[in-house]
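Remarks on the structure that follows.
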């Protein structure tokens, strides 16, 4: 059995299915999709890719299945799903997800069509694995689907540890060895065995701390908002979305520089807009927190007009309210399966903490920062 | 300048004062005091000592002083205090602290007398450092004393990272580089600069997670309670407390095996008592949570009598309620210095979480476990 | 002072010069040049960039200068040179170096012109640093230039540790803390202080082990040879070399796919040629080991013709003989400065070892492997 | 299945045999035997024990057996042998080995008698494992015995990595994952599979570098020689060797302080003798390099008499010449099994390097250093 060296899990042995899937163009493309897109503008060491992350998820899935006592054909399908769970990502991963959803109505974890459009379905079938079953597992269906996508999935376990390793930020260092060992299946649900409330809390806390310091760092958010805007313009300019969603990072960087040169060049050389507005939830009207992406673009145009600056030079960024998916984790407490949010006081507090960290952002070039700030307060109805 | 290799901070350069202090018998003794005493019965890799921890605290103190812009004689005194902050510990560190306090009325951080009884005061004076000043700093006096002992002290930063490194438990991995860089002095108080609420929270969370999984692990608590009881008996048997408190770990292990052979041998070979009672706060009368150590011993005797077992074979262990000292950390928020507990929702939740983790323990040999459990419920008034 | 988080050296504080240099387009470009180019086709975690490496070199240079007692204007120039030492690299770093040298006659460490063509010279002058002095330091001139480029340079110290961290291969883990502390200047030469023969050996060994397992891994070599060939064809097809050498990795990937589609697509999706010939030094005529790149191309054409395959489908790869630059390191031994190769038996043996690892490669698509192997033996005069 | 957290290998699952063996007094004693004895006087973080090392060896043995395809009863015996391979060590491990050998004629790896004298044999038999088979495996007998004790044993793989982790010295960081995966059995011999000459070299190099910087550091050697002398005096003073060899480190420290107070106290507080003589192989007569321990003591007495100092205050330390056991490693090269020393130029060079590092030591208190140096040259016939 072949093995690949990984900087997080050391040697990762590959089963024959994985070895064949690895060789496909669709999977090799993940070498060119960075795991943390614009985060690396803040943490320069964080240029790791979805290729290595996918291998890590495959590796942890294997350990989880062993711990759950699942073997044979069922296990092989889950491991394949773990390996493929990210092949549906567009360029720059999560950062283009919303754009693609608006233009196609589908999410990156709906990989059924993709499997058949590429050689992936063929490879799976050659190994007697049903591609539709794999696609269902990636969507998180069934108890084993939760291993791949759910509150306790190995995706999360890998990315927290990997992102910590590559950024250098220590907060994501969870005990994935323990998490994987303590997984159980109860009535078709994936749960953590008795005595693991704190294990579940630690996962939630790691995620919350990484959110604040890494995933939602303001520099990454500004670059991400600029990138999303640039992608919209790229699509408006005629690039078909079917082509767009299959680009790799380097294709997108070059396409943006050519088709949307102002934003493209700025992103490439990290010459970012500044924060004209950066305001917490307590000072933002509810109507604003509920803006759709279309509304955001409209608001940006209105602000630009009022500030008398070019419409392309204002970006409005209204992040979603934090969801804390990990709080839905199931843990056995005194023999009874409970959701973590019912078993831990921390969940409520973290929710409050993360609401307190929420910020509305309006970004513009440094020269226009003041004018845009002024106009934005008017247009969005913010207090002064 | 000489340097010592450390597995946590790599090379630690020593100033001339530190080099001379290191060579004293009082400091070399710390090589023989384990940092985590009975914790290593759970985590076998955790046999690190207060010697290496003291070097680490000295190292971080130097970085903190640099960050605060403190130099010269003041800095030298603080660095010396950081290095010496643990020389007052008895054998097995915190585990004998309570015994020593009861018999002498003093704590391990009152090192004034010790400095003069040993060659330490002489070394300090030779370098123009006032031993009384060092003792005051170790007690946490003054703004610079808070660097050595306070909510934001470098002691805490070193032990969290070091204990994580040596146990293998990832939860203590704080970003001490950032903590040290963000220290400021405001009106004679040590605070964290603007934008560091989450930095402060991360310290608190690391401590809380390490408490649950490491510092208060039940195996370590059982061994610790047995050790404390054995030490009481050693003192009862005639060992002078002045001699006892200056023992190293190996002296104590041998003395216990000779003078208190039943408990001594059990501790040495990890043949521990079992939990006859292990009960949360909601099922324990307030009167029990407030028991003094003397009361505990009396209760243990009563339980033993009622269960008709040897009085030495029952140990009652009522831990103090968690204090969360880190919640008093001061952080600048919008230009104003605030306590973390006022600035973060997490503090209250962590307090609740840790109350939920609190357990009353009554321990006895496996053979007597049931009888003792029965008797303990009567004597302590616990529900059935 | 600003600081950047690095996954190898933790926080790296930036002086004002570095902060300004960082913001230039020429330096930001290094975010898009991978440190190990085709190595990441073998070690998927190794997607780190010359941007983070340059920061690491800057950081170690600062420590080396401190250890050497160099301060003020001289130190500032050296730190700037350390930061900028790689700005002259073409896309894919060392992999295009030879192509660029052939077409321009200059190496990546000749950055004088580049400084003046970009905003870098202006930034340096604004901080009273002479750009020509920086360029000279990058070329390794003077005793301080050796800190930046020489047998004991901090470039080497950073990349060994960093490449080990990112590949997961443990062999590069040198003790850079010790190396930097033991640097001395003797008669205008950078040397290691007395007692460091083994320290010097460890650097040499780390390099030799990493060479075998990482830098000269056959998969990376195949991809690298294909890339170099593709770049030659790109230039032949009309891309000006001045434009080529300033490309970033993503520009090159896209350009190759468009202009040299067969090789471009293969490199992008790791669909590599196979080894038709892979032969050690003892079976290769001297004339072959001395082939120039032009000769290689001619031989490849001849082989293709004889095998009757498309000329573009044969690549001949004759690596240079290992030079072991580290063996020239100077160490003080019994008070006398000596070259490591005179002070250590290991140098000769390593030279032999690396000669034994040398391999001539001829690569072709799997379908043509046998025919090409046959023809190559004829054309190159290899024994059967 | 139970698992123990280890700072090197993370979670180590225990099979039922291991779990029962762990609970014995003979195995728990290893908690009190430090892995590196006097090395921790140089590297303060290196206070790890043979308990955690034994767990690590057990863990790697399991992986090696999996890689070799060995299962069932044979595998269980090897894993048990791996776990128990160090139970025969006296206090301070290798440092008292020579003393015990002289007084009993047996080595630490002859554990047959010990198994039957303790409860270990009983535990093994309860699990249908023959204690004599385990003892034979610990002696390295048979092809599987080589997994436990041989040139490629997992003992070596664990201690190199573990000692690196705990000292902080990076040189021991071998790729044990690869070593274990590449093990093969050929004609009853343990070998490394084709393509692993460098893998074998890396093990040898790691050992050689660790020897120079860690295992043979002069401070550790001085303390070790003082300790050995003190132990001889302890036995001379009447402590039975049967009791001595079963002591733990703390027993020995206390016994020495009481029975051999001068040396005992010096070792405890690191108040070590100085090097009166420290001379390389080229300046030492062959007769001296061949001195037995008895001869060493006689020479020490003669030197003391000539220098007119107390006989107990001179220690002569003639280390054995380096053996480089790892050079006997078998590797498959072009299909043929070869010894590494025949396949690698490095072996001869390392032998030369280590001969160059060899030093004769004569140690004495600082006050007597000069007189002893003078006398030692006469007595040992050293050039001036």
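Data for the structure
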item: Estimated distance in nm for a label pair at residue B:127 and residue A:2, the labels positioned 7 Å out from Cα along Cα-to-Cβ; result: 5.9
item: Value of Rg to Rh for chain B (Rh from inverse mean 1/r over Cα pairs, i.e. Kirkwood); result: 0.98
item: Scattering curve values for the protein assembly as shown, log₁₀ I(q)/I(0), Debye with Cα scatterers, q = 0.05, 0.07, 0.09 Å⁻¹; result: -0.43, -0.87, -1.53
item: Relative exposure of B:76, B:298, judged by other C-beta atoms within 10 Å (fewest first); result: B:298, B:76
item: Per-copy distances of the residue C:287 label point, shortest first, in nm (7 angstrom along Cα→Cβ); result: 6.4, 8.6, 10.6
item: Folded to 0 to 90 degrees: helix B:72-84 orientation relative to chain B principal axis, Cα; result: 20
item: Ascending list, in nanometres, of distances separating the residue D:105 label from those of the other copies (7 Å, Cα toward Cβ); result: 6.4, 8.3, 9.1
item: On Cα atoms only, tilt of A:369-380 relative to the major axis of chain A in degrees; result: 80
item: The stretch A:70-122 and the stretch B:355-384: distance between their alpha carbon centers, rounded to Å; result: 54
item: Ranked list, fewest to most other Cβ atoms within 10 Å of each Cβ, for B:9, D:218, A:53, A:59; result: D:218, B:9, A:59, A:53
item: Spin-label model distance (nm) - residue D:107 vs residue B:241, 7 Å beyond Cα toward Cβ; result: 5.3
item: Nearest 10 degrees, 0 to 90: helix D:50-68 Cα axis against chain D principal axis; result: 40
item: Spatial separation of Cα centroids for the stretch D:228-273 and the stretch A:153-217, in angstrom; result: 49
item: Proxy reagent accessibility, fewest Cβ within 10 Å first, across A:8, C:331; result: A:8, C:331
item: Within a Gaussian network of chain C (alpha carbon springs, distance under 10 Å), most fluctuating of C:212, C:145, C:172; result: C:212
item: Packing-based ranking, highest mean first, of D:203-211, D:264-272 given that Cβ atoms within 10 Å are counted; result: D:203-211, D:264-272
item: GNM flexibility winner over chain C from C:110, C:125, C:141 (Cα, springs under 10 Å); result: C:125
item: Debye equation applied to the C-alpha atoms of the stretch B:3-217, log10 I(q)/I(0) at 0.07, 0.14, 0.19 Å⁻¹; result: -0.20, -0.84, -1.55
item: Distance from the stretch A:292-322 to the stretch C:49-63 (C-alpha centre basis), Å; result: 39
item: Closest approach to the A/B rotation axis among chain A Cβ atoms, residue and whole-Å value; result: A:349, 2
item: GNM result for chain A, Cα springs below 10 Å: residue of A:118, A:96, A:199 fluctuating most strongly; result: A:118
item: Exercise: per-residue mean of other protein chain Cβ atoms within 10 Å, B:169-179; result: 6
item: Shortest-first nm distances, residue A:66 label point to equivalent points in other copies (7 Å, Cα→Cβ); result: 0.3, 4.3, 4.3
item: Two-site label geometry, residue C:321 and residue C:356: point separation in nm, points 7 Å out along Cα→Cβ; result: 1.7
item: 10 Å Cβ neighbours from other chains, averaged over peptide A:47-55; result: 4
item: Helix-only mean residue ellipticity at 222 nm for chain C, each DSSP H run of n ≥ 4 adding -39500 (n - 2.57), per residue, nearest 500; result: -15500 deg cm²/dmol
item: Percent RCO, i.e. relative contact order, over chain B, from Cα pairs under 8 Å lying at least 6 residues apart; result: 16
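Taken together, the values in this text are just the output of simple stated rules run on the coordinates, not laboratory data. Note that the structure is predicted; figures quoted are calculated from it, not measured. With ideal geometry, Cβ positions are generated from the backbone for all residues, glycine too; neighbour counts draw on all protein chains shown.
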